[in-house]
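Heads up: the structure comes next, in structure tokens.
The values are calculated or read from the model by the stated rules, or taken from the named source; none is laboratory data. Just so we're clear, the structure is a prediction, and the values are computed from it rather than from any experiment. FYI the Cβ positions are ideal-geometry reconstructions off the backbone, even for glycines, and counts take in every protein chain you see. For accessibility, only protein heavy atoms count, side chains too; no ligands or nucleic acids. Shrake-Rupley method; radii C 1.70, N 1.55, O 1.52, S 1.80 Å.
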Amino acid sequence: MGLNRKDFGFWKNIRDMPAGKLFGIEGVFALLLGGVGCGVLIPNTKVSERIAVAGDFLTLVGALLGVMVAAFALVITMLSNEYLLRLKIHPRGFAIFLSPFMVNIGINVGSIILVVMYRAAASRLPSTLEQVLFVMAGISFIFVLLNVVAIARNVLAHGATRADAAELEAMQRMIETRGDEDGK
């Protein structure tokens, strides 16, 4: 029953996650909105203006990273023992519920690294490379934003599952209580 920290890492979780779940509709919209949006900005802005926009990306993604880590911690601490046991017996265990948090936290960190690198080097890069990195930063920014909604959807689904389980447990207690009363 020993735990291996490698089982909880970003790369293990990303490797185990199906590509459709990893990118999902959020990835498609991130490519469209981030790619097209930043592509439209490029001919109409200077490098210094794009660096400023990337600074806005950095501020927002940094804040979202803090929110994501706090939500992750809060969700884990608020899970009931009964629900933890239900997750434990699932074939993929906790990973089915908690790995999207780990993956999204890793993507947020990756986005921050990309944007910091872009901001640090943009004014010294060849024009084409600077523009490609700006578009990549925009795509990652939109992906991080949309994944907040994906995580909320995941938490909502588990909340509904937990509510169903609580309802079944309440009905089971009622049946047992009636059985005890009938048996007297």
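Quick notes on this structure:
- Ordering of 73-79, 171-177 by packing [mean C-beta count within 10 Å, highest first]: 73-79, 171-177
- Residue separation of Ser48 and Met78 scaled by 0.36 nm, minus their Cα-Cα distance, works out to 6.3 nm of gained length.
- Its Cα gyration tensor gives the range 25-148 an equivalent ellipsoid. The semi-axes, each the square root of 5 times an eigenvalue, are 36, 14, 11 Å from largest down.
- The listed residues Ser111, Ser123, once ranked by accessible area (1.4 Å probe) with the largest placed first, stand as Ser123, Ser111.
- At a probe radius of 1.4 angstrom, the accessible area of the chain per residue rounds to 62 square angstrom.
- Chain lengthening between Phe29 and Arg153 when straightened (0.36 nm per residue, less Cα-Cα): 43.0 nm
- With 0.36 nm allotted per residue and the present C-alpha distance subtracted, the Ala160-Ser127 stretch has 6.9 nm of extension available.
- Nearest 10 degrees, 0 to 90: helix 95-121 Cα axis against the chain principal axis: 10 degrees
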